[in-house]
Amino acid sequence: MTVRMPARRSRSARFAGAAAPVRAAVAPLSVAGLLAIALPAGPARAEPPSEPAAPHAPERPVTDFYYGDTVRDPWRWMENLGDPAVRDWLRVEGLHASRVLAAMPQRQRLRRVLDEAEAALPFTIEAPRRLPGGALVYLRRDRGANQYRLVFRAAPGAPETVLVDPDALERRTGRPHAIDWFVPAPDGRVVAYGLSADGAENAAMHLIDTRTRRELGAPVAGTARGDVSFSPDGRELWFARLPVAGPDAAPTDRYRGSRLWRLAVGAPASAARLVPLPGDEALDAPEVGPPAIRFPMLLMSEDGDAVARIADGAGDTLELWHARLDDLRAGRPRWRRLARREDGVVAFVFARGRAWALTEAGAPRRRLVAAPLARFDAASAPTVVAEGARVLLGLAAAADGVYLEAREGPGKRLWRLDDALADGDADRPADALAVALPAGRVFSLADAHADRRLPGLLLDLQGWTEPRRIFEIGADGAARDTGLQPAGPAPADVAADDWLVPAADGAPVPLTVLRRRDAPADGGNPAIVWAYGAYGETEEPMYSPSRLAWVAAGGVFAVANVRGGGYYGADWREAGQGAGKPNSWRDLIACAEALVERGLTAPARLGVWGASAGGIAAGRAFTERPGLFGAAVVSSGLLDMLRAETAANGVPNIAEFGSVTTEAGYRALREMSPYEHVLPGQRHPAVLLTAGINDPRVEPWHAAKMAARLRAADPERDAAPVLLRIDWQGGHGGGSTRAQWLDERADVLGFFAWRLGGLRLLR
C-alpha cells in the first residue's frame, strides 16, 4: 500500500488529482440579502505601523444566468492565473499583506515560540513501514531541517541510509521539494517514491535502490496520486498514470483518463504496458463524452490473487474486480466483479484467500462483511460485525488476522479478527481480540500500517494533549512503545473538554475545547473555533504544538465536528451535503455561540478558521453572522462555489458538492458559496485569506476574488482589514517546508492575536 506524506494542515480538499450553464452579458447585480449587522466594538489593539490601504481591484463584470437568476461576477478575470495582469495584481496584494502581517505586535514572538515548540524534539518520524527481517522505511526530519528525508534501515539497530534528501535538492535548485508518497518493494530492495516541487503535488514516480542509493530508470510523470504497487516478487511495478495533457486541454480534463500500467523495475517508462481493466472501453470512446474520473490501483497477494480497486474522485465508495495475477501478465484476465459502487464499500482488504469489506449499504455507521475471496460479493457477503452505536472506520490485514478500527464517542477501539470469521466458522464479533491501547490516545488505521507477512501493526497514537508516539501492536494484543519517535511535552496545565453543543435543529455537535485549566470564564479569552465539515472526514484528537502554544499563551482553541464530516457516520456526512450544506456552518455558528454563552470568550475576541473545503463552513459562518466574530481566517479555502467545478480539481469534487448543471445543484452551491454572500455595505470581521500559487486542489483565485469582493463591499476597512497572503513557492500545504509552515502559522495566529485583543501570557 502507498504511504502518503502527511499534510501540515489537518484536512484538505480531495485531490483527484464542467459543463457551462451560463452565457455572459452585462447586467446589474440582483442578490437576495441578509440584514446588515454592525460589529460590536472590539478590545483595544496595538496597531501595526501605518500602511497604505490595499488598492481596490478593478471590476470587469461578467453576468451569468442560471435557471431564471442573474449572477454578476465583477472579478471573473482573476481566474486566468496565466494572465500577467492577474499575477501583477496578486503580487500587489501579497506585498501589502506581508507588510501588515510582519508588523503585527505579537507575530515575531509567536514565530519564535512556534519554532521552539517544533524544535523540542531531536527528530520526527512519519509513516514507518515494516518489512520482514526487521527492515524499516520511513520519513525523518531532524531538528532544524526544513523537509522530511526518505530513510531506510536494513535491520533493528542498523545504521540509517538516507535515500532522498529534499533539502539538498532545494539547495541545488532554489526550489523547495517534498516527498509526496512512497512504496517499498516487498523485499525492501527498491523504493518507489513521488517527488514534487513548490507545493504543486504533481509528483513524478522515482525508483531508488536501497543498497546502492542509485536511481533506477527515469521518473514517470502522471503519478501524483501514488496509486502504485509492487508485484509480490518485487520485480514489477503496477501503477496508475494520467495521460499527458496537450497544450489545448481543458483544465477540467486534467484528472480524466487514468489507466493502469505495468513496468519491470528499472526498465524505461517507454517499456510500460497498458493493463486493461473493466470500464476502460469508455475511456476510448470520445463520442460518448469525456473520459470518466476514475483512479485504479492493483492490490496483489503472495498466492497470486489480484484485485483492481477503482476510486472515483471525491466519492468514498469503491468498485472492486478480481483476477489471477498470472492471467493479467498473460494479457487475458478473467475479471470477476467483487463490488459495485452501489454496494457502498469504503474499505477493503484481502489476505490468505479471504476478503473483508466495510460497507455503508443499509448501515450508515457501517458493517463489516467477509467471505472467501473466491466467492466474495459485497452485495451478499455475510455480515461478521453488524452496525451498532460505534462507527467502523478502518481495516488492515496482518499475518495474525485483520484489524478493525471503530470510533466510540471521542475515543477509538481496535480489534483483531480471526480468519475463521470470514470462513463462517464463528458468528459473534465478541470472539475478536480487543487490543489494549494507552488511555487518552487515538489513531487512524489503514492497510499501510500492516504487512500480511508480519503479525501486528505499527500505529501512531496521540491525543489533544498527549504527544504522538509510535506503538507496535503485538501478537498478544498489547501495545508497546517502539521508541522510534521521541515524545514531546504533555502540558499538564491544558484541559481538553468534550462538549456536545445543540445545533439549531437540536442535533448534538461534538466540540472539543482546548484551554488553560486556569482560563477565566469572564469572556476575555481570545478564542479560535475551527471546523472542516466535508468528505466525511473527522477532526481527530491530534497533538498540535501550534494549537498548544496558542493555549499556553492564554488563548482558547476549539475544534468542531460539524455535519459534512463523519463523526457519527454516513448520515452525519450526508446531512452536510447539497441542500443540507447549511448545517455545516450553522453547526459551527452554534459552537461559536456556546463558547460565548459559557463565558470563555466574547464576539469581539472570537475568531473562526477553516481551511480547504473548510473554507465553506468558515466563510459562510462569518458572512451569515458577521457580528459573532472579531476575525476570520480561510487558508487555501473553497469560496466561490458556483465556479469551483470549472477548475481542474473541481470535476472530481462534484460528487461532494454538486454541479450547477442541475437547478438543485445550482441553488445548493449558491447558498454554500461565501463569495456570493458578501453583500454591499455590510461590514465583516477582519479577514485573512491565504493561498499557494501552485495549489492543485483549490485554485488561488478563490481567495483573490473573495478579497476583492470583501474590500469592495465595505470600502472603509481601516478597522477591519482584508489581507490576501500569497505563497509564491507553495501549494495546498502538503509539500510545505518547515520554514514555510512556521511563517504561515505565525501569520495566522499573529493575525488572530492582533485582532482579538492579544495573548496576555505570550512570553
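The values are calculated or read from the model by the stated rules, or taken from the named source; none is laboratory data. This is a predicted model, so every value here is computed, not measured. Quick reminder, even Gly has a Cβ in these numbers, built from the backbone with ideal geometry, and neighbours come from all protein chains shown.
Consider the range 385-415 and keep the residues that are part of a loop (DSSP other than H, G, I, E, B) and among the hydrophobic types (A, V, I, L, M, F, W, C). The one that is surrounded by the fewest Cβ atoms within 10 Å (Cβ to Cβ) is ALA389.
None of ALA496, ALA487 is of a type in the set (A, V, I, L, M), part of a strand (DSSP E or B), under 27 Å from the mean Cα position of the chain (by Cα) and closer than 28 Å to ASP518 by Cβ except ALA496. Cβ separations smaller than 8 Å between residues 6+ apart or across chains give the following pairs from the range 738-751 residues that are over 11 Å from SER546 (Cα atoms) to residues that are surrounded by fewer than 21 Cβ atoms within 10 Å (Cβ to Cβ) and of a type in the set (Gly, Ala, Ser): ARG738/ALA145. Residues that are crowded, with 24+ Cβ neighbours inside 10 Å, touching a Lys or Arg at 6+ places or on another chain (Cβ under 8 Å) and within 18 Å of ALA632 (Cα to Cα) within the range 723-746 comprise just one, ALA746.
Here are some residues: LEU90, LEU136, LEU163. Which one is assigned by TED's automatic domain parsing to the domain that holds GLY733 and crowded, with 20+ Cβ neighbours inside 10 Å?
Criteria check complete, one pass: LEU90.
The rows are residues; the columns are (1) surrounded by 16 or more Cβ atoms within 10 Å (Cβ to Cβ); (2) outside any loop (DSSP other than H, G, I, E, B); (3) not assigned by TED's automatic domain parsing to the domain that holds ALA389.
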{"site": "LEU421", "(1), (2), (3)": "yes, yes, no"}
{"site": "GLY440", "(1), (2), (3)": "no, no, no"}
{"site": "LEU459", "(1), (2), (3)": "yes, yes, no"}
{"site": "TRP464", "(1), (2), (3)": "yes, no, no"}
{"site": "PHE471", "(1), (2), (3)": "yes, yes, no"}
{"site": "ASP476", "(1), (2), (3)": "no, no, no"}
{"site": "GLY483", "(1), (2), (3)": "no, no, no"}
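The conditions of being under 22 Å from GLY692 (Cα atoms), outside the structural domain of GLY665 (by TED's automatic domain parsing) and over 29 Å from the mean Cα position of the chain (by Cα) are met by PRO55.
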